[in-house]
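The values are calculated or read from the model by the stated rules, or taken from the named source; none is laboratory data. Here the structure is a predicted model, which means the values were calculated and not measured. All Cβ positions, even for glycine, are placed from backbone atoms using ideal geometry, and neighbour counts span all protein chains on display.
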Amino acid sequence: MRILITGGAGFIGSHLCERYLDAGHEVVVMDNLSTGSMDNIAHLVGHERFSFIKHNVTHYIYVAGPVDMILHLASLPSPVDYLNFPIQTLKVGALGTHNTLGLAMAKGARYLLASTSEVYGDPLVHPQSEDYWGNVNPIGPRGVYDESKRFAEALTMAYHRYHGVDTRIARIFNTYGPRMRADDGRVVPNFICQALRGEPLTVYDEGERTRSFCYVDDLVEGIIRLMATDVDGPVNLGNPQEMTILEFAHTVVDVTGTQSEITFVRPKDERTRDDPQVRCPDITKAQTTLNWTPNVALQEGLRQTAAYFKQHLEL
């Protein structure tokens, strides 16, 4: 098959490129490199079945020749990005999704939207299953990201119902692994880089908020299985092993073998306003329809991720 991956130079997208190339498919990456990096796909450049198009998906999209599948991962998913570029975040969720769905309709391609657990907002239902509608503040600082994905899901289902586009929606929970950006503001690179530098790990408030962490290889396997099935509605993809941020900080300290202490800070900006107090996926649907369950233990995944940062940051 010929597969278009928007955001393919990003963290998750670059891993998907590798998997599909290894499976014998042709991969076309479209990325404007605003948050992605050519470093993530440099080893793929020159591959006979790989090509790269530098393009902003919020503008009209043209791809010559047939396209069998489109995976729309282009996004500004980290707090640093969507707080600094709120309008661009909304545009990639709205216009980018519209343009890629239009291309899917024109090419007769199967389509996947990479959505997010943030559509659940600060949830009043725990753990979160796909039939929960969420608790999102549309006018808060995080709303630009949350609502961009909620709109993208609505638009994807509209194209499915009205135009008959063959769609998939993956609701991705906290994912980590090699090729994350060290400066993206998320807790995994923050803690690992602090630990490797021997700095204190900074935990917001008392560290009582909970998260669940899925290794990128497990997530990619889930996405590939989802694309191979006929499930058109949203599917949670994440690891149901829930822990507090404080517990996670201690795990990072143990895995990295650092002497770093843990300090508690009060955030001075809006980064944690409307921040979910809990986050844990109900993956029953993925288990029953995809036969998918994450397999990589947190400690092993963190070792792989720390090794990546240690190599690339020369720590």
> Regarding THR58, is this residue polar (S, T, N, Q), in contact with a helix residue (DSSP H, G or I) (Cβ under 9 Å, 6 or more places away or on another chain), without any contact (Cβ under 8 Å) to a residue 60 or more places away in the chain and part of a loop (DSSP other than H, G, I, E, B)?
Replying inline: yes
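Results for (1) under 21 Å from PHE11 (Cα atoms); (2) charged (D, E, K, R); (3) more than 16 Å from the chain's Cα centre (by Cα), shown as yes or no for each residue.
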| site | (1), (2), (3) |
| --- | --- |
| VAL220 | yes, no, no |
| ARG225 | yes, yes, yes |
| ASP230 | no, yes, yes |
| VAL235 | yes, no, no |
| ILE245 | no, no, yes |
| HIS250 | no, no, yes |
| LYS268 | no, yes, yes |
| ARG273 | no, yes, yes |
| GLN277 | no, no, yes |
> Looking at PRO138, PRO79, which is the one that is free of Cβ contacts under 8 Å to residues at least 40 places away in the same chain and either among the acidic types (Asp, Glu) or touching a helix residue (DSSP H, G or I) at 6+ places or on another chain (Cβ under 9 Å) (or both)?
Replying inline: PRO138
> Of the residues GLY102, GLY121, which is on the phi > 0 side of the Ramachandran plot and not hydroxyl-bearing (Ser, Thr, Tyr)?
Replying inline: GLY121
>> Considering only region 95-111, I want to know if a residue exists there that is within 30 Å of PRO240 (Cβ to Cβ), at pLDDT 95 or above and not in a helix (DSSP H, G or I).
In response: yes
> What is the one condition in (1) aliphatic (A, V, I, L, M); (2) in contact (Cβ under 8 Å) with a residue 12 or more places away in the chain; (3) closer than 17 Å to GLY108 by Cα that VAL144 does not satisfy?
Replying inline: (3)
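A quick yes/no check of all residues on (1) on the phi < 0 side of the Ramachandran plot; (2) under 19 Å from the mean Cα position of the chain (by Cα); (3) part of a loop (DSSP other than H, G, I, E, B):
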{"residue": "LEU4", "(1), (2), (3)": "yes, yes, no"}
{"residue": "ALA9", "(1), (2), (3)": "yes, yes, yes"}
{"residue": "ILE12", "(1), (2), (3)": "yes, yes, no"}
{"residue": "GLU18", "(1), (2), (3)": "yes, yes, no"}
{"residue": "GLY24", "(1), (2), (3)": "no, no, yes"}
{"residue": "VAL29", "(1), (2), (3)": "yes, yes, no"}
{"residue": "THR35", "(1), (2), (3)": "yes, yes, yes"}
{"residue": "ASP39", "(1), (2), (3)": "yes, yes, no"}
{"residue": "VAL45", "(1), (2), (3)": "yes, no, yes"}
> Which one of the conditions (1) in contact with a strand residue (DSSP E or B) (Cβ under 7 Å, 6 or more places away or on another chain); (2) within 30 Å of TYR62 (Cα to Cα); (3) of a type in the set (D, E, K, R); (4) not in a helix (DSSP H, G or I) does GLU130 fail to meet, given that it meets all the rest?
Replying inline: (2)
>> List the residue pairs whose Cβ atoms are under 7 Å apart, where the first residue sits in region 217-233 and is in contact (Cβ under 8 Å) with a residue 12 or more places away in the chain and farther than 26 Å from ALA158 by Cα, the second is buried (at least 18 other Cβ atoms within 10 Å of the Cβ) and among the aromatic types (Phe, Trp, Tyr), and the two are 6 or more positions apart or on different chains.
In response: GLU221/TRP292
>> Here's a check for you: in region 96-108, which residue that is touching a helix residue (DSSP H, G or I) at 6+ places or on another chain (Cβ under 7 Å) and more than 20 Å from GLY134 (Cβ to Cβ) is surrounded by the fewest Cβ atoms within 10 Å (Cβ to Cβ)?
In response: MET105
> What's the number of the condition ASN236 fails, among (1) of a type in the set (S, T, N, Q); (2) farther than 20 Å from GLU206 by Cα; (3) modelled with pLDDT under 95?
Replying inline: (3)
> Mind checking which residues of region 273-301 are surrounded by fewer than 16 Cβ atoms within 10 Å (Cβ to Cβ) and of a type in the set (A, V, I, L, M)?
Replying inline: ALA297
> Checking ARG171 against (1) under 19 Å from ASP254 (Cα atoms); (2) within 12 Å of the chain's Cα centre (by Cα); (3) among the basic types (Lys, Arg), which single condition isn't satisfied?
Replying inline: (1)
>> Tally up the residues in region 207-236 that are among the charged types (D, E, K, R) and more than 25 Å from ILE262 (Cβ to Cβ), please.
In response: 6
> Are there any pairs, at least 6 apart or on different chains, whose C-beta atoms fall under 6 Å, with the first in region 286-300 and polar (S, T, N, Q) and the second assigned to a loop (DSSP other than H, G, I, E, B), and if so, which?
Replying inline: GLN287/THR293; THR289/VAL231
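Let's see how each residue does on (1) of a type outside the set (Ser, Thr, Tyr); (2) buried (at least 23 other Cβ atoms within 10 Å of the Cβ):
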residue	(1), (2)
PHE11	yes, yes
SER14	no, yes
TYR60	no, no
GLY65	yes, no
ILE70	yes, yes
